[in-house]
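> Below you will find the structure I want to go over with you.
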Amino acid sequence: MKGERTGMFTRRPVMTGILATLGLVATGFFAYELPAILGSRQKPTPFDDLLSELTDRAAASRLGSAVLAARNDFDSPAVALQLRARLKQGTLTEALVADLAQGQVIEIHGWVLPTTFALLCALAAKAGQV
């Protein structure tokens, strides 16, 4: 008979199965990644150019709160100027390596942190308080 399919699989059910599987994968991806894509919406601050260097701003802010508790003389605009000058010379990673090589560290609750990182975290905490 003309047009009769005799094979085990016909094209339409196989394509439907493939498309359904792709749809499930896409749905799972978006369900898992959507919160990270949308992220928590932070209020804009004058320090966003610096805070964009942080991978996890919320965690940095928590650490920064400990830095602020240990430092009474924290001046956000002055620290921002200092950090901008420091990061203008290279990447954050390079600044952190240079801090460690020069012994520029701050001890917070038993953790020894590069000064640049500690100040950046404190700036994140201060920006969250505003």
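Computed from the coordinates by the stated procedures, all read-outs in this text should not be read as laboratory data. Keep in mind that this is a model prediction, so the values were computed, not measured. Methodologically, a virtual Cβ is constructed for each residue, glycine included, from the backbone with ideal geometry; neighbour enumeration extends over all protein chains shown.
> Between K43 and V25, what is the spin-label point distance in nm, taking each point 7 Å from the Cα along the Cα→C-beta axis?
Placing both labels 7 Å along Cα→Cβ, they lie 4.4 nm apart.
> Let me ask something else. Starting with the highest mean, order 10-17, 95-102 by the number of other Cβ atoms within 10 Å, averaged over the residues of each peptide.
Most protected by this proxy first, the peptides run 95-102, 10-17.
> Would you please give the FRET efficiency between V112 and T91, computed as 1/(1 + (r/R0)^6) with r the Cβ-Cβ distance and R0 = 25 Å, to the nearest 0.05?
0.75
> Still on this model: Note down the nm distance, to one decimal, between modelled labels 7 Å out along Cα→Cβ at A98 and at I18.
Label-label distance for A98 and I18, simple model: 5.4 nm.
> Can you work out the FRET efficiency for the pair N72 and E33, with r the C-beta to C-beta distance and R0 = 30 Å, to the nearest 0.05?
The formula returns an efficiency of 0.15 here.
> Next question. Amide H neighbours of I108 under 5 Å, counting only residues 5+ apart in sequence or on other chains, H built in-plane at 1.01 Å?
The answer is L113.
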